[in-house]
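Right, one structure below, let's go through it.
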Amino acid sequence: MDFYTVVSIASYALTSNWPLSQTSVRWIIPDATIKQLSTHPLSQDCFPLGYGHYPSASCHQMERSSPVDHLIIYCHQGSGWLQTNQQSVSVVAGDVLLLPRSIPHAYGADKGNPWSIFWVHFEGKKSDVFMDYLQTTLHSAKPSPHHHYCKPCGLSSYLLAQFDQLLSVQDSGQQWQRYIYSTKLLQQLLSYLPILQSKPKSPTGINLTTLQLYMERNIHRGLTLKALAQQANLSPSHFSRQFKALTGYAPLHYFNQLKIQRACYLLDVSDKPIAAVAQHVGFNDVYYFSRLFKQHTGIAPSQYRQLQRQSLQQEQTMPVHRPSVPSV
């Protein structure tokens, strides 16, 4: 679009008045920051206005007759509904709602099985291009105009991790650099959706996406081989062989790599003490965590954080090895 006006958030209802639970997140970017994002060359193309996470959002619903921004909603648990043009469609876990500006809509959680959702409102000079791209590249469950705004993308641990990263930006304070980072996370998230929908299924019979999602939801605790095998309905020995054939890693080694990846991220974006980072990824013994971290990365957690901060201060990239995990 050649011209657009950034509307003040205070001038319209960006979010519902749904009361937040202790585990819910709703983050609205200040108007002054939005004006900066709308003119900065690194963010003006597409940037978030607000985002959040509503787990088990009982009684959640919202109606907009004249929306002025774009909205994406990802349902990762439970179910809900979407209404456009006075026609309703059901929304289930794994569905993505793409709601463009100027399209009147209403949505809400199912009464018996309320959804858990991530959501992002976004704007920008090329936000229309992003939304049009998603509308044309993502296929609908049924060839109906009412399903045009509901796209089945499936459950993805990687997509959930991207939403988590976006939400974690607010934990780092309101530094301008963090907001620039949030625009890149948003653009990466939007660009990933068509790739996610086109991913082929694993020939081994193990649903790696579901397993990795289970691991990341339990990243704060320990999991046994038996518990992982039960998720795949296989015996521990058969599951271990199949998993290693699929990924190249033993299941628990893979799980530990996910833990270290999450720890690296927390060390990057937060000021949490090393012990708090260790606890976040399921290790009460900070010394054991430090040894495991060094085994996977080659350096201690404190050294990793120091190197990352030095590279930011010097505005240059320093190669720091992160454990690699196959994307799914």
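Rule-based calculations on the coordinates, nothing more; no lab input. Because the structure is a prediction, the values reported are computed rather than measured. Note: ideal-geometry Cβ built from the backbone for every residue, glycine included; neighbour counts use all protein chains shown.
When peptides 295-304, 233-242, 181-190 are sorted by average Cβ neighbour count within 10 Å, with the highest value leading, the order is 181-190, 295-304, 233-242.
Tell me, what is the FRET efficiency for S58 and K35 to the nearest 0.05, using R0 = 56 angstrom and their Cβ-Cβ distance as r? Spell out each step's value before the answer.
Details: r = 36 Å, r/R0 = 0.64.
E between S58 and K35, to the nearest 0.05, is 0.95.
The alpha carbons of region 35-144 stretch over 46, 30, 25 Å along the principal axes, in descending order. Under the criterion of Cα pairs below 8 Å and six or more residues apart, the relative contact order for region 9-197 equals 24 percent.
Our estimate of slack between Q295 and T210, defined as 0.36 nm per intervening residue step minus the Cα-Cα distance, is 27.9 nm. When all alpha carbon pairs of region 208-314 are counted in 10 Å bins from zero, the resulting P(r) reads 14, 43, 28, 12, 2, 0 %.
By counting other Cβ atoms within 10 Å of each Cβ, how are M131, M62 ranked from fewest to most? All intermediate terms of the calculation are to be shown ahead of the outcome.
Numbers: M131 20, M62 16.
So the ranking, lowest neighbour count to highest, is M62, M131.
Arrange V92, V277 by Cβ neighbour counts within 10 Å, fewest through most, would you?
Numbers: V92 16, V277 22.
Lowest count first: V92, V277.
Just flag the trypsin sites (Lys or Arg not before Pro) in region 209-240 sitting in loop per DSSP whose Cβ has no more than 13 other Cβ atoms within 10 Å. Write out the running numbers ahead of the final one.
Values: sites: R217, R221, K226; in loops: R221.
Qualifying residues, ordered by number: R221.
The calculated pair-distance distribution of region 221-279 uses every alpha carbon pair, bins of 10 angstrom beginning at 0, and gives 22, 40, 24, 14, 0 percent.
Using the structure shown, list the pairs from K226/K259; K226/K294; K35/K272; K184/K294 with a Cα-Cα distance above 23 Å, or answer none. List each step's numbers first, then the result.
On the way: K226/K259 19 Å; K226/K294 27 Å; K35/K272 30 Å; K184/K294 29 Å.
Table pairs above 23 Å Cα-Cα are K226/K294; K35/K272; K184/K294.
Over the Cα atoms of region 9-197, the radius of gyration divided by the Kirkwood radius equals 0.93; this is the Rg/Rh ratio.
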